[in-house]
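**Q** Mind having a look at this structure? Questions to follow.
The values are calculated or read from the model by the stated rules, or taken from the named source; none is laboratory data. The structure presented is a predicted model; accordingly, all values stated were derived computationally and were not measured. With ideal geometry, Cβ positions are generated from the backbone for all residues, glycine too; neighbour counts draw on all protein chains shown.
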Amino acid sequence: MNISLNARNITVIVLLAALILLPLYVAVTGDRFMLTLFTRIVIMALAASSLNLILGYGGMMSFGHAAYLGIGGYAVGMLAHEGIGTGFIQWPVALLVSALFALIVGALSLRTRGVYFIMLTLAFAQMAYYIASGLSRYGGDDGLTIYKRSQFAGLINLSNKIQFYYLCLAFLLGGIYLIWRLINSRFGMVIQGSRSNDARMQAIGFPTYRYRLTCFVIAGTMCGLAGALLANHTDFVSPAMLYWTRSGDLMFMVILGGMGSLFGPLIGTVALLVLEEALPSIIKLLGSPLFGDAAGRAAEYWQIVLGPLLLLVVIFARGGIDGLLQKVSQKVRRG
Amino acid sequence: MAEALLQVENLSKRFGGIVASDALSLDVRPGELHAVIGPNGAGKTTLIAQLTGEVTPDAGRIYFSGRDITAVPVYRRSALGLARSFQITSLFLDLSVLDNVALAVQAHAGHSFRFWRDARSVPELRQPARAALERVGLGDRAELPASVLSHGEHRQLELAMALAGRPRMLLLDEPMAGLGPEESARMVKTLRALKKELTILLVEHDMEAVFALADRITVLVYGRAIASGAPAAIRANAEVRQAYLGEAESEGARHG
């Protein structure tokens with residue numbers, strides 16, 4: 001494969017190199033917080049990438065993707081609570097239950113289009129949310145603390161933050177590679193054709209429903225894996241993991257980074273989560289000389305700055321950040 | 001008489017009070033180009049839609065190659081070798097021209113639950129797609145996004161996609177619609193080459209093209225076949241002249 005060195009590809013390469021070398025930086029500076037933040041970023045990027053598979057490539061506007069995050073997480077938490085600590089059981093169960101839930105949601109929602117599809121996926125996710133809230137044995141509304149991370153018979157120690165970070169990164173890169181193979185395969189051509197013009201796909205002989213459903217289940221399973229990782233990362237699961245605002249966050253990561261772009265969701269997740277962390281300090285830093293203490297209080301309302309920023313991206317950069325970078329690359333090539 | 005490849009028997013379809021097909025019978029023999037003409041609202045597009053399976057008839061039977069396909073779903077009919085092109089072009093505009101045709105090839109190359117190999121490097125998909133593009137004269141446009149082609153080229157691409165599945169029969173729904181004189185002439189030339197290898201059912205408004213291409217013509221009026229026969233016989237048929245060609249002439253006079 002030919003990779004040309006343009007602004008967009010350089011950004012991706014630098015980003016990947018930074019992710020791989022991050023633990024080195026942490027070892028030198030002792031900045032443990034960066035490791036925690038980026039472990040979270042990597043996990044959420046996996047979830048966002050899985051959403052991108054159906055949203056960006058398949059045109060399936062699922063507004064309930066956080067449900068799989070929660071189901072994967074709860075599978076790990078509930079099994080741990082019942083004394084089953086081995087990841088060899090916890091994780092396959094997490095994947096299986098996510099896949100099953102995606103199969104049920106997809107089988108029913110994919111018979112509809114547009115707004116109905118969005119509302120159905122949202123309704124199923126909210127149902128899962130209320131079920132999680134009602135699990136009084138597992139903490140109900142308060143959530144469930146996981147006292148011991150998944151055990152892998154000494155192969156890997158998830159409590160070691162660097163090992164855990166690299167495991168998450170491996171799953172993210174593996175997931176992106178998998179998506180890349182999928183979307184360029186015959187299966188992926190059907191999925192993309194169906195996004196482009198589903199009626200025509202059926203007219204030329206494709207029973208598109210079963211392909212779209214398969215894609216939906218693959219994406220749900222992948223997000224279930226991200227959920228299992230997230231539960232281990234936070235040592236805690238709660239209904240908030242499944243709430244619809246979390247699904248909205250995932251959609252924003254995808255749209256901000258670039259729908260239907262392989263690395264878009266990763267770029268979007270990094271941008272969104274880093275901004276979330278950095279915006280309060282930036283507001284404080286820039287505002288203090290002018291407004292003194294008021295800036296400190298304003299920093300609590302950093303979302304007021306984030307909201308319009310996201311709005312600008314949606315309005316002016318249809319392809320998200322990745323689309324912008326590609327436009328820049330083309331301009332540079334033309335000179 | 002040779003066994004018909006496509007046989008339509010007593011097809012009936014109404015939409016509320018409107019009769020789109022009224023005990024319509026029709027047969028298309030292997031190797032012929034059979035044109036269906038008729039004034040607006042005669043039920044030509046509804047006929048095509050029933051042949052492809054998008055519309056279910058109220059009564060009557062459709063046989064393709066001796067097999068009753070009346071209840072066979074859309075995607076299966078296309079797999080049996082019955083391909084159609086659309087009156088309103090319906091393409092994958094955000095994919096490349098070659099991808100459009102390759103998808104049509106893929107539809108006939110077994111199931112697509114193949115998750116790993118790069119579909120754009122599979123010669124069984126790409127070579128027939130390129131060949132189909134060459135046949136309609138779009139060989140040099142293969143790598144462009146379908147959205148940048150002209151209207152006439154979209155029609156050619158439609159045809160390439162219909163050809164890509166190696167169909168036994170083509171259903172062409174007004175392939176000349178909206179084409180300029182030059183593009184029309186090119187389309188007639190392409191169809192003339194195709195009719196040597198394929199059985200074609202052509203629904204078309206452009207009389208010049210119909211009489212230039214058709215082996216037999218069926219005339220529809222209010223969902224009924226009022227006449228069927230060789231172009232010369234149709235031209236001479238008094239009922240047809242009165243019901244249809246007369247109107248076309250007066251229409252022509254109005255435009256002129």
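**Q** Determine, yes or no, whether A:Thr208 is free of Cβ contacts under 8 Å to residues at least 40 places away in the same chain and loosely packed, with under 14 Cβ neighbours inside 10 Å. Lay out the reasoning, then the answer.
**A** On the way: free of Cβ contacts under 8 Å to residues at least 40 places away in the same chain: yes; loosely packed, with under 14 Cβ neighbours inside 10 Å: no.
No, not satisfied.
**Q** Would you confirm, using the coordinates I've provided, whether B:Ala83 is surrounded by 15 or more Cβ atoms within 10 Å (Cβ to Cβ) and facing another protein chain (nearest Cβ under 9 Å)?
**A** Values: surrounded by 15 or more Cβ atoms within 10 Å (Cβ to Cβ): yes; facing another protein chain (nearest Cβ under 9 Å): yes.
Taking the combined requirement at face value, the residue satisfies it.
**Q** Kindly evaluate B:Ile69 against the criterion of being more than 17 Å from the chain's Cα centre (by Cα), buried (at least 17 other Cβ atoms within 10 Å of the Cβ) and either free of Cβ contacts under 8 Å to residues at least 40 places away in the same chain or outside the structural domain of B:Arg192 (by TED's automatic domain parsing) (or both). Quick ask: steps written out before the conclusion?
**A** Working: more than 17 Å from the chain's Cα centre (by Cα): yes; buried (at least 17 other Cβ atoms within 10 Å of the Cβ): yes; either free of Cβ contacts under 8 Å to residues at least 40 places away in the same chain or outside the structural domain of B:Arg192 (by TED's automatic domain parsing) (or both): yes.
Yes: the conditions hold for B:Ile69.
**Q** In the set A:Gly72, A:Gly56, which member is assigned to a helix (DSSP H, G or I), farther than 26 Å from A:Asp198 by Cα and within 18 Å of the chain's Cα centre (by Cα)? Walk me through it before giving the result.
**A** Working: A:Gly56 fails: farther than 26 Å from A:Asp198 by Cα.
Testing whether each residue is assigned to a helix (DSSP H, G or I), farther than 26 Å from A:Asp198 by Cα and within 18 Å of the chain's Cα centre (by Cα) leaves just A:Gly72.
**Q** Restricting attention to the stretch A:289-303, which residues are part of a helix (DSSP H, G or I) and within 23 Å of the chain's Cα centre (by Cα)? Even if it seems obvious, please write down each step before you answer.
**A** Applying the first criterion (part of a helix (DSSP H, G or I)) to the stretch A:289-303 yields A:289-291, A:293-301, A:303.
The one that is part of a helix (DSSP H, G or I) and within 23 Å of the chain's Cα centre (by Cα): A:Gln303.
**Q** Quick check on my filter: what residues within the stretch B:185-215 are closer than 12 Å to B:Gly31 by Cβ and not basic (Lys, Arg)?
**A** Within the stretch B:185-215, B:Leu194, B:Glu197, B:Leu198, B:Thr199, B:Ile200, B:Asp215 qualify.
**Q** Sticking with this structure for a sec: Is it fair to say B:Arg77 is modelled with pLDDT of 95 or more and surrounded by 15 or more Cβ atoms within 10 Å (Cβ to Cβ)? Show your work before the answer.
**A** Working: modelled with pLDDT of 95 or more: no; surrounded by 15 or more Cβ atoms within 10 Å (Cβ to Cβ): yes.
For B:Arg77, the condition - modelled with pLDDT of 95 or more and surrounded by 15 or more Cβ atoms within 10 Å (Cβ to Cβ) - is not met.
**Q** On the basis of being in contact with an Asp or Glu (Cβ under 6 Å, 6 or more places away or on another chain) and not polar (S, T, N, Q), does B:Ile48 make the cut?
**A** yes
**Q** Here is a further query. Limited to the stretch B:114-169, what total is found for residues that are polar (S, T, N, Q) and either within 12 Å of chain A (Cβ to nearest Cβ) or crowded, with 16+ Cβ neighbours inside 10 Å (or both)? Don't jump to the end; show me each part of the working.
**A** In the first step, residues of the stretch B:114-169 are kept if they are polar (S, T, N, Q); the result is B:121, B:127, B:147, B:150, B:156.
Subsequent filtering for residues that are either within 12 Å of chain A (Cβ to nearest Cβ) or crowded, with 16+ Cβ neighbours inside 10 Å (or both) retains B:121, B:147, B:156.
Within the stretch B:114-169, residues that are polar (S, T, N, Q) and either within 12 Å of chain A (Cβ to nearest Cβ) or crowded, with 16+ Cβ neighbours inside 10 Å (or both) number 3.
**Q** Something else about it: With the checklist (1) more than 8 Å from every other protein chain (Cβ to nearest Cβ); (2) surrounded by 16 or more Cβ atoms within 10 Å (Cβ to Cβ) in hand, flag the one item B:Ile88 doesn't pass.
**A** Unmet for B:Ile88, out of (1) more than 8 Å from every other protein chain (Cβ to nearest Cβ); (2) surrounded by 16 or more Cβ atoms within 10 Å (Cβ to Cβ): (2).
**Q** Also, I was wondering about something else. With the stretch A:183-262 as the region, which helices (runs of 4 or more DSSP H) entirely inside it contain at least 1 residues that are touching a strand residue (DSSP E or B) at 6+ places or on another chain (Cβ under 8 Å) and at the interface with chain B (Cβ under 8 Å from one of its Cβ atoms)? Steps first, please.
**A** Numbers: elements: A:186-203, A:208-234, A:244-257.
Fully inside the stretch A:183-262 and qualifying: A:186-203.
**Q** Does the stretch A:177-186 contain any residue that is β-branched (Val, Ile, Thr) and at pLDDT 95 or above?
**A** Taking the stretch A:177-186 first, the residues β-branched (Val, Ile, Thr) are A:179, A:183.
Narrowing further to those that are at pLDDT 95 or above: A:179, A:183.
Yes, some residue in the stretch A:177-186 is β-branched (Val, Ile, Thr) and at pLDDT 95 or above.
Residues checked against (1) without any contact (Cβ under 8 Å) to a residue 60 or more places away in the chain; (2) on the phi < 0 side of the Ramachandran plot; (3) touching a Pro at 6+ places or on another chain (Cβ under 6 Å):
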{"residue": "A:Gly106", "(1), (2), (3)": "no, yes, no"}
{"residue": "A:Leu120", "(1), (2), (3)": "yes, yes, no"}
{"residue": "A:Tyr129", "(1), (2), (3)": "no, yes, yes"}
{"residue": "A:Gly154", "(1), (2), (3)": "yes, no, no"}
{"residue": "A:Asn157", "(1), (2), (3)": "yes, yes, no"}
{"residue": "A:Ile162", "(1), (2), (3)": "no, yes, yes"}
{"residue": "A:Leu178", "(1), (2), (3)": "yes, yes, no"}
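**Q** Can you tell me which of A:Ser238, A:Ser288, A:Ser247, A:Ser261 is more than 30 Å from A:Gly143 (Cβ to Cβ), of a type in the set (Ser, Thr, Tyr) and modelled with pLDDT of 90 or more? Working first, answer last.
**A** On the way: A:Ser238 fails: more than 30 Å from A:Gly143 (Cβ to Cβ); A:Ser288 fails: modelled with pLDDT of 90 or more; A:Ser247 fails: more than 30 Å from A:Gly143 (Cβ to Cβ).
Going through A:Ser238, A:Ser288, A:Ser247, A:Ser261 in turn, the sole match is A:Ser261.
**Q** If you don't mind, there's one more thing I want to ask. Please go through (1) among the basic types (Lys, Arg); (2) in contact (Cβ under 8 Å) with a residue 60 or more places away in the chain; (3) over 28 Å from B:Pro181 (Cα atoms) for B:Arg117 and return the number of the only condition it doesn't satisfy.
**A** Here B:Arg117 clears every test but (2).
**Q** Right, something else. Does the stretch A:86-105 contain any residue that is modelled with pLDDT under 95 and in a helix (DSSP H, G or I)? Steps first, answer last, please.
**A** Taking the stretch A:86-105 as the starting set, the residues that turn out to be modelled with pLDDT under 95 are none.
The answer is no, given that none of the residues of the stretch A:86-105 is modelled with pLDDT under 95 and in a helix (DSSP H, G or I).
**Q** Still on this structure, please answer the following. I need a count of the residues in the stretch B:178-212 that are part of a helix (DSSP H, G or I) and free of Cβ contacts under 8 Å to residues at least 60 places away in the same chain.
**A** At the first step, the residues of the stretch B:178-212 found to be part of a helix (DSSP H, G or I) are B:181-194, B:207-212.
Among the residues that remain, those that are also free of Cβ contacts under 8 Å to residues at least 60 places away in the same chain are: B:181-190, B:192-194, B:208-209, B:211-212.
Of the residues in that region, 17 qualify.
**Q** Let me ask something else about it. Does B:Gly43 meet the test of being over 21 Å from B:Met161 (Cβ atoms) and of a type in the set (Gly, Ala, Ser)? Walk me through how you get there before you give the answer.
**A** Values: over 21 Å from B:Met161 (Cβ atoms): yes; of a type in the set (Gly, Ala, Ser): yes.
Yes: the conditions hold for B:Gly43.
**Q** Out of everything in the stretch B:49-68 that is within 14 Å of another protein chain (Cβ to nearest Cβ) and part of a loop (DSSP other than H, G, I, E, B), what residue ends up being farthest from B:Pro167 (Cα to Cα)?
**A** The residue in question is B:Val55.
**Q** Can you pull out every residue in the stretch A:163-192 that is of a type in the set (Lys, Arg) and touching a Lys or Arg at 6+ places or on another chain (Cβ under 8 Å)?
**A** Start the filter on the stretch A:163-192 by keeping residues that are of a type in the set (Lys, Arg), which leaves A:181, A:186.
A:Arg186, the sole residue that qualifies.
**Q** Scan the stretch A:273-300 and report the pairs whose first residue is of a type outside the set (Asp, Glu) and whose second residue is not in a helix (DSSP H, G or I), with Cβ atoms within less than 8 Å and a gap of 6+ or a chain change.
**A** Hits for this filter: A:Leu279/A:Trp302; A:Pro280/A:Trp302; A:Ile283/A:Trp302.
**Q** For the stretch B:211-255, what are the residues that are at pLDDT 85 or above and β-branched (Val, Ile, Thr)?
**A** B:Ile217, B:Thr218, B:Val219, B:Val221, B:Ile226, B:Ile234
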